[in-house]
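To start, the structure under review is shown below, and the notes come after it.
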Amino acid sequence: MMDPFGARAREIIGEFGGIEDFLMKIPMYTTVEEALERITWEDEPPEEVVELDDIRDLMSFYALLGALSHSPYGLEMELVRDKNLVIYVKRLSKGSFEGLSINVRRIKEGEIPEKDRLILEKLRYREIGDDEREKLRIGYKMWLRHFLPLWDGSLREIYIRNSWAYLRREEVIEVWKKAYERSFERAVTILYDIRDELPEFYDELYSRIKSVAEEKFKERFKLGGVSAGPLRFDLFPPCVKKALEGVGSGMRNYAITVLLTSFLSYARICPTPPSKNIRVKDCIKDISILEKEVLPVIIEAGNRCKPPLFEDQPNEIKNIWYHLGFGFTERPSLEDSGNSTWYFPPNCDKIRANAPELCRPDRYCRGIKNPLTYYLRRLYLERKGGGEGG
Ligand code: SF4
């Protein structure tokens, strides 16, 4: 089976000139309807989807990924990820494990001592049928270092010898599922950065995916997916938490006016903006959300700086409104939004370049390119159950 995140897939994407070029060319080869066929089935994926040839498969799959870049970590992502997982597992259960993105190897004859094999594969139980016997067969191994981060089950179920985990077919598939989920989320996070450059095809596909997800997850949509809601300070990235504590004079303007202002405003009123050109008035009908829930947090953080930011730079408040897109003003109305650009939170590499002390990555920062995506990921993990699994 061709793993969409494996070496063969990377090779094909490379032949198209890399991921951005590949996404640009996809609309020439596939349609919105074809991509949707992967996620609109009910009990079983259609045979024609399971049997797709490698290139068509990769194109329709990456079409969906490109569309998800508009809203990473939403219920739409869950829908696309899980439906495609079923398709790939169906293929995997019939095919070979060649070319998977996980480092799994076939084991050689005699690699497991016979006495261990007798126990592990229940070879003395004559009543076991052929199918069951095949399932018990240990035929693969993974280096323990690669295996452990991808294994959720108990280690007592696994035969470990000389730093290798020996696995049955079903166990390899379980490990692959975990690797697929991680690669999927990472890919969506990476694509988030280029969503503005993608053709309209992806906007249309995204809105169709959204409708399918809304229908499927009616109740959960009512409870709120990744939508505007009260700020969850506990799920903020380390750089934002550090800025909230107040910083020294050299970093004050960057930490408060550039990072906090953009991060808090987007996180509160538009966590998954459809494009980077959005205005505040496209997201809210009442400016008091900004005045009561966002501005006070920015001002408090500014007051915690040494020296306090707004005491020696009172005009900086106008600059905050400027960065929120209202122009250089002290008392804007909602209608003023659009007078300047509503700045999007800077990417992690910009933060590291401009204010290196703010970036103290934790385990959730892995693969993250922007603090807002960090927040979306944490919200998503929280909804998924307990916030673990970074
Ligand atoms: S990696 Fe990014 S999100 Fe994490 S602390 Fe650094 S700048 Fe913030």
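Key figures for this structure:
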{"item": "Filter result for Glu33 (under 30 Å from Ile194 (Cα atoms) and not small (Gly, Ala, Ser))", "result": "yes"}
{"item": "Test result for Thr40, touching a Ser or Thr at 6+ places or on another chain (Cβ under 7 Å), of a type in the set (S, T, N, Q) and surrounded by 13 or more Cβ atoms within 10 Å (Cβ to Cβ)", "result": "no"}
{"item": "Elements of type helices (runs of 4 or more DSSP H) in the stretch 86-171, at least 1 residues being in contact with a Lys or Arg (Cβ under 7 Å, 6 or more places away or on another chain)", "result": "114-120, 130-136"}
{"item": "Qualifying residues in the stretch 318-376 (those that are free of Cβ contacts under 8 Å to residues at least 40 places away in the same chain, near the ligand (Cβ under 10 Å from one of its atoms) and over 20 Å from the mean Cα position of the chain (by Cα)) - the one least open to solvent (accessible area, probe 1.4 Å)", "result": "Pro356"}
{"item": "Sole exception among (1) under 25 Å from Glu204 (Cβ atoms); (2) surrounded by 21 or more Cβ atoms within 10 Å (Cβ to Cβ); (3) modelled with pLDDT of 90 or more for Pro72, by number", "result": "(3)"}
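Matching residues to (1) open to solvent by less than 40 Å² (accessible area, probe 1.4 Å); (2) at pLDDT 95 or above:
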site	(1), (2)
Glu157	no, no
Ala187	yes, no
Arg195	yes, no
Leu205	yes, yes
Val212	yes, no
Phe221	no, no
Val226	yes, no
Lys242	no, yes
Gly246	yes, no
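The values are calculated or read from the model by the stated rules, or taken from the named source; none is laboratory data. Remember, predicted model here, so these are calculated numbers, not experimental data. We place every Cβ from the backbone using ideal geometry, glycine too, and count neighbours over all the protein chains shown. We work out accessible area using only protein heavy atoms, side chains counted, and drop any ligands, DNA or RNA first. Shrake-Rupley method; radii C 1.70, N 1.55, O 1.52, S 1.80 Å.
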